[in-house]
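To start, the structure itself, in structure tokens.
The values are calculated or read from the model by the stated rules, or taken from the named source; none is laboratory data. Bear in mind that the values here come from a model prediction, so they are computed numbers and not experimental data. Cβ sites come from the backbone with ideal geometry, for glycine too, and all protein chains shown count toward neighbours.
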2 protein chains.
Amino acid sequence: MSTPIKIGIIGAGSAQFSLNLVKDICLTDALAGSQGLAGSQVSFMDLNPERLDMVHKLAARYADEMGADLRFERTTDRRACLQDADFVINTAYAKGHEHEWVMRDVAARHGYYYDGVQLGEYYQLRLALDIARDMEAVCPDAWLIQSANPVFNCCTLLTRETSIKVCGLCHGHYGYREIAETIGLDPDRVTWQAPGFNHNIWLTHFIAEGRDAYPRIDEWIATQAEEYWKTHVPEHTHDCQMSRAAVHQYRMYGLFPVGDTFRRVGAGPTVGCTVYRGEWWLHTDFETKKRWFGEPWGGPDTVEGRRWFDRRLRKRIAEMTEAANDPQARLTETFGIQRSDEQIVPIIDGLVNDNEGQYQVNVPNRGTIEGIPDDVVVEVPAIVSKRGIQPIHVGSMPPKVMLECLLPHWLDMERNLLAFKSGDRSILLWNALDSHQTRSYEQALAVTEELLSIEGHEEMNDHFKLPPNW
Amino acid sequence: MSTPIKIGIIGAGSAQFSLNLVKDICLTDALAGSQGLAGSQVSFMDLNPERLDMVHKLAARYADEMGADLRFERTTDRRACLQDADFVINTAYAKGHEHEWVMRDVAARHGYYYDGVQLGEYYQLRLALDIARDMEAVCPDAWLIQSANPVFNCCTLLTRETSIKVCGLCHGHYGYREIAETIGLDPDRVTWQAPGFNHNIWLTHFIAEGRDAYPRIDEWIATQAEEYWKTHVPEHTHDCQMSRAAVHQYRMYGLFPVGDTFRRVGAGPTVGCTVYRGEWWLHTDFETKKRWFGEPWGGPDTVEGRRWFDRRLRKRIAEMTEAANDPQARLTETFGIQRSDEQIVPIIDGLVNDNEGQYQVNVPNRGTIEGIPDDVVVEVPAIVSKRGIQPIHVGSMPPKVMLECLLPHWLDMERNLLAFKSGDRSILLWNALDSHQTRSYEQALAVTEELLSIEGHEEMNDHFKLPPNW
């Protein structure tokens, strides 16, 4: 039994995301409304009115088919979406996937392969900060669920700059399931922990039937990995959890990397995580990428992989649109009635209804991982209940993982936040120089300046100024 | 008035260094012996008996000419040198300059320009630790003055691993004098501070006649630098304090770099500071080096610069040998009777005789610079007296200097100490991969393995093993 809550979704035009959320709410009794109690209210906000309209229609029909008593609203006004919200989910991508290609073309002309040089995350950080500032004014007690990248940088920024409670969420940790399946374990019967930073998490514990399962990984590597790498046909571009790249990282650092950890490249030049230079050698060109991440795409971060990803995205949107425009379509058939693997709704249910559970969250460190400052957001297991989100103490990580993986990434994050806050253009230049694909000072300078001058980057170009002594 | 002390010099075969020390002792009343009081005892230790013999002869004759009552001993036995010592000076270079060329040739065959890839500092760290361990047994209350590179890494290692009091010393900070002279200020009439890590120090304060002198630097850059870069004829390879490289760093980081800071490359592949990747773009090839560091050598870290340096070193040794073998030579004429610019003897005088002064030292941080762990050795101004070496509180450094210069260097140091302590070969590989001159994983692997297999590296090659899960 509970009071109905309001959930605001920023960037709700992502139909897959929004529908999954609605589905999970419908499947959660205390949020769906039942036995005469009103269910939750969901406010969809997006700048694209057509996509917003489609999502709104689909959601309303889906909930109706499920018999859930939800209320929906749609708006292009952020503050309206936040008004009276108990939870705000930021899944918005300020510049969009198409814009990445414009940037990649510029970078390529300057000699960079794929996301080999990046410009920081100005628009994503700005958007996240603007949302949190609005929340301080409109719904200061609401939780902000940060699902948009870069989760690490955005959550740390908001922790420091605002009073809003922030929790970052990602899917990467589900990689433990692929590890288990590939080496012949039932993913539902392993226990695991993989703490770190978002996109930089490490399997510290992996236990099957009460025993350490790492020897099973070692055995698989010794006896089956070569054959797997020759024969495995990936189902999608991210299907590379057991690639040579991941095993290589395991050898280098001593713990198995989970999820996006062994990609360590973001979703594109203005968004996502800045390319972390740690494993530049896996990302030098398409042939190298295929060798480390597997045929045919070389993982998600290649021109070929990304085109496939974009095509699939367009196809899904087309399917969604078709379903939305076909009043005969049974949406419960189209979208199913199984819970998604998103943690958002279960976490909301835990916080609101005390339905306690353990989740993988991104929250301020505050002593959870030793050697990381308190105000840096870490990705760790946490107990979620009415009491709040309580990270489970991790303690120390192995020194190699700290010195070669986490602390360099921490410095990258700090530099990007410093650049954002100070508007110091020379830090962007430093980032470009730090790229392992950069061959000269002039090249870094030229690509930085041209990326800043792209159409649509006016605000960013204006924000970043050279220091006075330049 | 004071008790005579014993000073042990490890690596005393460096005649210039040892003679300067003896000269400074002779010029320090309380250490030289006077008015019937016995002077200090100096024990020269080196593995090269000819050089040792030469230094011993020169020192004894020089002191004699100066009328100082010093006692000298020479030994190839380290423990004999340490016995009863009050101060131990480590100036030894385990592998020597000639060995660097063997390593550079190997690196060059793998595609690296000059010190573009390095192997850590195994032999220097080992030697420093062995000396300190011997001191714990033989002279546990003595100070160790660490003058051999890498000062940052060695001093931090000894601080953590031994109970010996360690103070690292370097000459780099005297760069403030070249800055002052070049922009038309009297170096004896400026005040300054330049804290950081050894070879990574930044001019936080620069004051002439009670006023901030930074605007004078800015004016010089605006009006005279270009002309200077065109016309300046360097007296030696290190004469590049006002080079384009230094001004470039000032623009990038907002504070003027002092001394070796803008070189940020060490004395060679097995010793010195590991190449810090920060400014790789200044070090890509000879033409680039000349452009940033000036004609004709491109600074000290080029084949041409190093050859000049080695030639000068050989010439000096020949001159010293000649003087040693010529009983007629007046050594006070040959070597002069002015104090050297070494801080060692004044610091000893301060500690022993309470002759208080302010010096630039490398000591454990313990809160001196904010944001640096307590057990990391920082280079800071300190008051030296009978009370000890007391660093002057620095407080916070600018965030750009922290995030782009000091903290990445801190991580480099930590990785090198971890490699040394753990014997983990994969960290050496990681270092090679981290080099901005590395183009592929295979190249890094090949150069690391070949450098480890060089004659004379047997102990190091044996020490470093691949991790069990490799």
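Things worth noting here:
- Residue that is surrounded by the fewest Cβ atoms within 10 Å (Cβ to Cβ) [pool: residues in segment A:440-470 that are of a type in the set (Asp, Glu) and more than 13 Å from chain B (Cβ to nearest Cβ)]: A:Glu455
- Apart from one condition, B:Arg312 fits all of (1) in contact (Cβ under 8 Å) with a residue 60 or more places away in the chain; (2) over 30 Å from B:Glu404 (Cβ atoms); (3) surrounded by 15 or more Cβ atoms within 10 Å (Cβ to Cβ); the exception is (3).
- Among (1) in contact with a Pro (Cβ under 8 Å, 6 or more places away or on another chain); (2) free of Cβ contacts under 8 Å to residues at least 12 places away in the same chain, the one test that A:Thr76 misses: (2)
- Positions within segment A:1-30 being within 11 Å of A:Glu342 (Cβ to Cβ) and at pLDDT below 90, in sequence order: A:Gln16
- Residue that is farther than 30 Å from B:Ala432 by Cα, surrounded by 19 or more Cβ atoms within 10 Å (Cβ to Cβ) and modelled with pLDDT under 95, where the choices are B:Arg78, B:Arg74, B:Arg51: B:Arg51
- Answer residue from segment B:411-424, given it is of a type outside the set (D, E, K, R) and within 9 Å of chain A (Cβ to nearest Cβ) and is nearest to the chain's Cα centre (by Cα) among those: B:Leu411
- Count - residues of segment B:136-180 that are within 30 Å of B:Glu235 (Cα to Cα), among the hydrophobic types (A, V, I, L, M, F, W, C) and assigned to a helix (DSSP H, G or I): 4
- Filter pass, B:Pro408 being at the interface with chain A (Cβ under 10 Å from one of its Cβ atoms) and part of a loop (DSSP other than H, G, I, E, B): no
- Odd one out for B:Ala382 among (1) within 18 Å of the chain's Cα centre (by Cα); (2) away from chain A (no Cβ under 14 Å); (3) closer than 15 Å to B:Phe152 by Cβ: (3)
- Inside segment B:439-456, residues that are outside any helix (DSSP H, G or I) and either within 22 Å of A:Glu279 (Cα to Cα) or in contact with a Leu (Cβ under 7 Å, 6 or more places away or on another chain) (or both) make up a count of 2.
- Residue ID - nearest to the other protein chains (Cβ to nearest Cβ), chosen from residues in segment B:425-439 that are farther than 20 Å from A:Tyr253 by Cβ and surrounded by 20 or more Cβ atoms within 10 Å (Cβ to Cβ): B:His436
- Of all residues in segment A:415-470, those satisfying the criterion of being small (Gly, Ala, Ser) and without any contact (Cβ under 8 Å) to a residue 40 or more places away in the chain are A:Ser422, A:Ser440, A:Ser453.
- Boolean, A:Gly367 is surrounded by fewer than 23 Cβ atoms within 10 Å (Cβ to Cβ), farther than 24 Å from A:Lys165 by Cα and more than 10 Å from chain B (Cβ to nearest Cβ): no
- Applying the criterion of being in contact (Cβ under 8 Å) with a residue 60 or more places away in the chain and within 19 Å of B:Pro215 (Cα to Cα) to the residues of segment B:231-255, the residue that is surrounded by the fewest Cβ atoms within 10 Å (Cβ to Cβ) is B:Gly254.
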